[in-house]
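Undergrad: The following block contains the structure, expressed as structure tokens.
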Amino acid sequence: MEVRLAECAGFCFGVKRAVDTVYEQVETGKTIYTYGPIVHNGEVVRDLEKKGVRVIEGKGELLRLAEEERPDGGPLPAVVIRAHGVPREIQEILKEKGLECVDATCPFVKKIHRIVEKAGEEGRHVVIVGDPSHPEVEGIKGWCSGPATVIETREEAERFFLPEGENVCVVSQTTFNYNKFQDIVEIFQKKGYNDTIVNTICNATEERQRSAKAIAAEADVMIVIGGEHSSNTRKLYDICVRECANTYFIQTLDDLHLELPKAVRLVGITAGASTPNKLIEEVQNYVRVNF
Ligand code: F3S
């Protein structure tokens, strides 16, 4: 029997890079904070907590931290910016208050910051297609040097009116749905705006789904690992179960009560965006050893 892991499973490049950065920083012996949980995975956050890493939950907490007395000569606490990025204001606070900023913003998100910053300087109105309450979108908005609007639905796009004489620059949240983005772009084009459209959707999600589907289509049994409330893991499960009726959704190894039919040749494994490699390997090894 073969156990095969999907080509793209678990952390995307940006999240892996940010998590690795925190572990590297821990090794320096400095006091480490992360601005928001580094990844939506309780286990990883708890593991880092045990190593002394603390989470700052927002600007207020950051300002309080900055005011704390520090023993003279001690190393500065370092604050790691996670893959989603932060508004420029947060980086400025870090600099002003003399805290060390370790920027682990995903380079693809950083690129959007540069695009919107430049668009603002050129006098363009920036439209961010995405979820206004998502930290990545809040971060992007915080790099706009001119007017900016966040649009999430077709209806909002229909209602949007650009003041006469203004040009628009449209970007998207990296995890936004491609078809929905296209719909919104079409509405803008019909309105005849003079616009620059930059599709900044990252293909990590699509790649993960594509490779899960490819394995599920061949597998006799499929295992999807991820958080109960993780919408991207649920989506992976839906894709896999359509291809392979014997698909299991598990959060940890403890949830895995595999009953393998006799003639199983291939067990496929995939994992959601916040699932650490360690857990994926555990499941992989367990299936290899026990069946
Ligand atoms: Fe991940 Fe960066 Fe893409 S954080 S989803 S690789 S934009």
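Undergrad: For region 146-291, just the Cα atoms, rotate onto the principal axes and tell me the three extents in Å, largest first.
TA: Extents along the principal axes: 68, 25, 20 Å.
Undergrad: Subtracting the Cα-Cα distance from 0.36 nm times the residue separation, let me have the gained length for GLU89 to ARG154 in nm, one decimal.
TA: Here the answer is 20.4 nm.
Undergrad: Follow-up question, since we're still on this one. Mind listing the long-range amide H neighbours of HIS125? Cut-off is under 5 Å, sequence gap 5 or more, other chains count too, H placed in the peptide plane at 1.01 Å from N.
TA: When sequence neighbours closer than 5 places are left aside, the close amide H contacts are ASN167, VAL168, CYS169.
Undergrad: Of the candidates GLY146, GLY98, GLY165, which one comes out as most mobile in a Gaussian network treatment of the chain with C-alpha springs shorter than 10 Å?
TA: Maximum among the listed residues: GLY165.
Undergrad: When the chain is fully extended, how far beyond the present Cα-Cα distance does ALA214 get from HIS40, taking 0.36 nm per residue of separation?
TA: Net length gain for the segment: 60.0 nm.
Undergrad: Under a cut-off of 29 Å between alpha-carbon atoms, report the lysines in cross-link reach of LYS97, not counting same-chain residues fewer than 8 places apart.
TA: LYS16, LYS30, LYS50, LYS51, LYS59, LYS110, LYS111, LYS118, LYS141
Undergrad: Moving on. Given 0.36 nm per residue, what is the gain on full extension from TYR178 to PHE161 after removing their alpha carbon distance, in nm?
TA: Result for the pair: 3.8 nm of gain on full extension.
Undergrad: In angstroms, what radius of gyration and Dmax does region 198-245 have, counting Cα atoms only?
TA: 11.6, 41
Undergrad: OK, next. Check each of the chymotrypsin sites (Phe, Trp or Tyr not before Pro) in region 161-267 and keep only those in coil by DSSP with at most 15 other C-beta atoms within 10 angstrom; list them in order.
TA: PHE161
Undergrad: What FRET efficiency comes out for the pair ASP238/SER145, r = Cβ-Cβ distance, R0 = 30 Å, nearest 0.05?
TA: Once rounded, the FRET efficiency stands at 0.15.
Undergrad: What is the spread of the Cα atoms of region 13-105 along each of their three principal axes, largest first, in whole Å?
TA: 34, 27, 18
Undergrad: Let me ask something else about it. Sort largest first and round to whole Å: the equivalent ellipsoid semi-axes of the chain, each the square root of five times a Cα gyration tensor eigenvalue.
TA: Values for the chain, descending: 37, 30, 12 Å.
Undergrad: Return the FRET efficiency for the residue pair LYS97, LYS50: r is the Cβ-Cβ distance, R0 is 22 Å, and the value is rounded to the nearest 0.05.
TA: So the FRET efficiency works out to roughly 0.20.
Undergrad: Further question: Show me the GluC sites (Glu not before Pro) within region 130-211 that DSSP assigns to loop and that have at most 11 other Cβ atoms within 10 Å of their Cβ.
TA: GLU164
All of the numbers you see were taken from the coordinates with simple rules; none came from a lab. Since the model is a prediction, treat every value here as computed from it, not as a measurement. Note that we place each Cβ from the backbone using ideal geometry, even for glycine, and neighbour counts take in every protein chain shown.
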